[in-house]
1. Going toward the positive end of the dipole of the chain, with +1 on Lys and Arg Cβ and -1 on Asp and Glu Cβ, which of VAL47, SER62, VAL75 do you reach last?
2. How much net charge surrounds PHE237 when only other residues with a Cβ under 13 Å from its Cβ are counted (Lys, Arg +1; Asp, Glu -1)?
3. Kirkwood Rh, Cα Rg: Rg to Rh for the range 1-44?
4. Using only Cα atoms, locate the centre of the range 79-123 and the centre of the range 220-284, then give the distance between them in Å, rounded to an integer.
5. Specify the residue with the greatest mean-square fluctuation among PHE154, PHE278, PHE259, computed from a Gaussian network of the chain linking alpha-carbon atoms under 10 Å apart.
6. Can you tell me the relative contact order of the range 120-227? Whole percent, Cα pairs under 8 Å, sequence separation 6 or more.
7. Over the alpha carbons of the chain, what is the largest minus smallest coordinate on each principal axis, giving the biggest first in Å?
8. Counting helices only, and only those DSSP H runs with n ≥ 4, report the 222 nm mean residue ellipticity of the chain as the sum of -39,500 (n - 2.57) divided by its residues, in deg cm²/dmol to the nearest 500.
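Laboratory data are not the source of any read-out in this text; all were calculated from the coordinates shown. Keep in mind the model is a prediction, meaning the values are calculated, not measured. With ideal geometry, Cβ positions are generated from the backbone for all residues, glycine too; neighbour counts draw on all protein chains shown.
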Amino acid sequence: MTAKPENCLNIGVLGCGPIAQAGHFESVTKGKNTNLYAICDVAPDLVERFAVTHGAETCFESYERMLDDPKVDAVIIATADAFHVPAALQALAAGKHVLCEKPLSVTLDEVEALGRAVAESGLKLQVGHMKRFDPGLQSAREFIDSEMGDMLAFKAWYCDSTHRYAMTDAVQPLIVRSTASRRPDHDPKADLQQYYMLAHGCHLVDTARYLCGEIIAVQARHLQRFGAHSWFVDVEFANGALGHLDLTVAVRMDWHEGFQLYGEHGSVIAKTFNPWLFRASEVDIFRESTGASSRVLGADAHFYRRQLESFADAVLTDRPVSGADVADGIASVRAMLAIGESAATGRPVNLADVSGAV
């Protein structure tokens, strides 16, 4: 690692839970333009442990006190989903930029209120859809934008595996928990259908939107058997392309994720790996003009660090975020709501017509 410049973004991390431990703390310390200034959690044992482990300059057990610190430029909100919007609103009111974990919320009213607050504040808010910083997916997006021509069809799948925890336990740091941690009023995993859609469906939806543009309508089917859930979703994109999404949790096989994309001047076939392997997707881009395929190799695939560096660059140079912004976060919640409504009613649903909670 090279020495960092003086004008790094001072980051305060809210939450010392699994996502902070496995992704965000390391990202801030490794980021070329970021500094881990503060850590905040209501659990004093976690705050003490990770402030020492990662070298934070200061630590807090009160979020309000961290937001009052003038040296904090921006916060990473790494809490449970139910706390995302309230914490983001507090940060914006205190004049802090925000990188918020996905999904932004479980309700449409909350995310729309947050969208208005971001617009009024003039501050940056980026949503933690870190797959947008997978070099393989970025190569596909570049091909779509510059060479592919009209899009015909897109199909994608996100299939969590029964073996995922054996894998992640091997590659992630040991996750430390505390009895003093703050938890939501309701156990997020009490309703697995909702939990799987929020935890995994938002990745699938955002990948589809990142590559293909706006989703305007969906028609979905849902099946639950032997403890597994599967959604098959037909998608109507604003560009007129056909779309199909497969969300299945959990498949009796290895992690199974990827997409196929068919266009006027070429096609894309991609295989994506468990994100904790920090391995770029294998994305084969076929160009009709040359009759040959190409693939990005040897790319830096620390998605969490790369998304944070992009966010910091947007703040430090006062440019729009290049990752998912608040509008993308709102659109993701809308799409998940529409999928849930369509699966329940058996009818197609326009995203513009949905309301309520995922």
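1. Projecting each Cα onto the dipole axis, the largest value belongs to VAL47.
2. Values: positive: LYS155, ARG209; negative: ASP150, GLU214, ASP234, GLU236.
Every neighbour counted, the sum reads -2.
3. Working: Rg = 11.1 Å, Rh = 11.0 Å.
Over the Cα atoms of the range 1-44, Rg/Rh equals 1.01.
4. Here the two parts' Cα centres lie 28 Å apart.
5. Ranking PHE154, PHE278, PHE259 by mean-square fluctuation puts PHE278 first.
6. Working: 22 pairs, mean separation 49.8, N = 108.
The normalised contact order for the range 120-227 reaches 46 percent.
7. Principal-axis extents of the Cα atoms in the chain, largest first: 54, 45, 44 Å.
8. On the way: 11 runs with 118 residues, N = 358.
Helix contribution divided over all residues of the chain: -10000 deg cm²/dmol.
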